[in-house]
Structure formats: structure tokens, C-alpha cells
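This report refers to the structure that appears directly beneath it.
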Amino acid sequence: MSEKRQDYISWDEYFMGVAYLSAMRSKDPNTQVGACIVSNENKIMSMGYNGFPQGCSDDEFPWNRDNEDPLKNKYFYTTHSELNAILNYRGGSLEGAKLYVTLFPCNECAKAIIQCGIKTVVYDEDKYNGTPSVSASRMMLKAAGVKIVPYRSSGREIKLKL
């Protein structure tokens, strides 16, 4: 009888990897964020990435971040990865689920995370830590009893041939 492989990836590596792979679908030239929602049984329930809503052309809506006219910036039009993952789910309740996301959620996504019943957020990057949006997000997630877990990278590199 042969021994099992010992170098398989962990559940956290797997799900964060799926979130990063999802982020690669984003057409945003500045920030690509991915999310993966997982059940308590380690089953992928949904995925999402940041981009424009269906029917809003990636070629017609702006990707700008700093135009003086706010209607010529992406912020009024883009949907974040966490909200896309929540909205993409078609199976019923997300109560008790875990969300893996490549960037700590903003305050608007935190509201959706709390409202749909996700109980754990595993995040990787936290480059906006200390901003009002992320500070409010942390306050709401903690108040709602959502567990906030920083992703602990193993440092392993995984190369995909696509």
C-alpha cells in the first residue's frame, strides 16, 4: 500500500488560491480583488471579483480613480468582489459561511457580509487599514460577531499552467 502525498495544499491555501484566481478575472487596471465563500463542510458556495454589473460595458464605463468629475470615476459603478460573491450565490442561505477575500472588506461590503450571515472573514492584504472605511468595517464586523482572521501565508508558491 502506498503512502499519501504530504505536500498537498491546506484548505486555507486552496480557498485563498481560488480567491486570487477569481481576482485575475477583474478588468480593473489598478486593483484586482477576489472572494470565495465556503460552507462549514469546506465546499465552495460562490466566488466573485470586482467589476461592473452585468449589462454595464467594461469599455463604456470609466476605470479612472481620480477624475474631478465623480461620474467619470469607477467608484459609483463597480461592484466589489465580496458583494459579487454574495449576489452570485443561488443556493439559499449563507448563514454560518466563511469568506476568503484577497483584500480586507470595505464598510459597504461589511454590511452585506453581516446581513447575509457570513460568520468568518479570512483576508490577505490589508493595505487600507486605518482608513475610515476599513475602520468602520472592523467595528461593524466585530459588533456583529463576525470572526476576522488574517490569512497566514505558508510562503509556498504554486505555478499554474493555463
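Criterion applied to GLY117, GLY92, GLY48 was being at pLDDT below 95 and within 29 Å of ALA143 (Cα to Cα), and the one residue passing it is GLY92. Taking PRO132 as the residue in question, decide whether it is buried (at least 17 other Cβ atoms within 10 Å of the Cβ) and out of contact with any Pro (no Cβ under 9 Å at 6 or more places or on another chain). No, not satisfied.
Let's see how each residue does on (1) open to solvent by 70 Å² or more (accessible area, probe 1.4 Å); (2) more than 22 Å from ARG152 (Cα to Cα); (3) touching a residue at least 40 places away in the same chain (Cβ under 8 Å); (4) part of a strand (DSSP E or B):
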| position | (1), (2), (3), (4) |
| --- | --- |
| ASP7 | yes, no, no, no |
| ASP12 | no, no, yes, no |
| ALA19 | no, no, yes, no |
| GLN54 | yes, yes, no, no |
| SER57 | no, yes, no, no |
| ASN67 | no, yes, no, no |
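Exactly one residue out of ASN42, ASN30, ASN107 is surrounded by fewer than 11 Cβ atoms within 10 Å (Cβ to Cβ), touching a helix residue (DSSP H, G or I) at 6+ places or on another chain (Cβ under 8 Å) and touching a residue at least 24 places away in the same chain (Cβ under 8 Å), and it is ASN42. Suppose the filter is touching an Asp or Glu at 6+ places or on another chain (Cβ under 8 Å), open to solvent by 40 Å² or more (accessible area, probe 1.4 Å) and of a type in the set (Phe, Trp, Tyr); does TRP63 pass it? Against the criterion (touching an Asp or Glu at 6+ places or on another chain (Cβ under 8 Å), open to solvent by 40 Å² or more (accessible area, probe 1.4 Å) and of a type in the set (Phe, Trp, Tyr)), TRP63 qualifies. Against the numbered list (1) polar (S, T, N, Q); (2) at pLDDT 95 or above; (3) within 22 Å of SER10 (Cα to Cα); (4) open to solvent by 40 Å² or more (accessible area, probe 1.4 Å), SER154 comes up short only at (2).
The listed residues are LEU83, LEU71, and the only one of them that is outside any loop (DSSP other than H, G, I, E, B), among the hydrophobic types (A, V, I, L, M, F, W, C) and more than 14 Å from the chain's Cα centre (by Cα) turns out to be LEU71. Might you let me know whether the stretch 76-86 holds any residue that is open to solvent by 90 Å² or more (accessible area, probe 1.4 Å) and either touching a residue at least 12 places away in the same chain (Cβ under 8 Å) or of a type in the set (Lys, Arg) (or both)? No, that holds for no residue.
The values are calculated or read from the model by the stated rules, or taken from the named source; none is laboratory data. Just so it is clear, the structure is predicted and the values come from calculations on it, not from any experiment. Cβ atoms come from the backbone with ideal geometry, glycine included; neighbour counts cover every protein chain shown. For the accessible areas, the whole protein counts, side chains as well, though only heavy atoms, and no ligand, DNA or RNA atoms are used. Shrake-Rupley method; radii C 1.70, N 1.55, O 1.52, S 1.80 Å.
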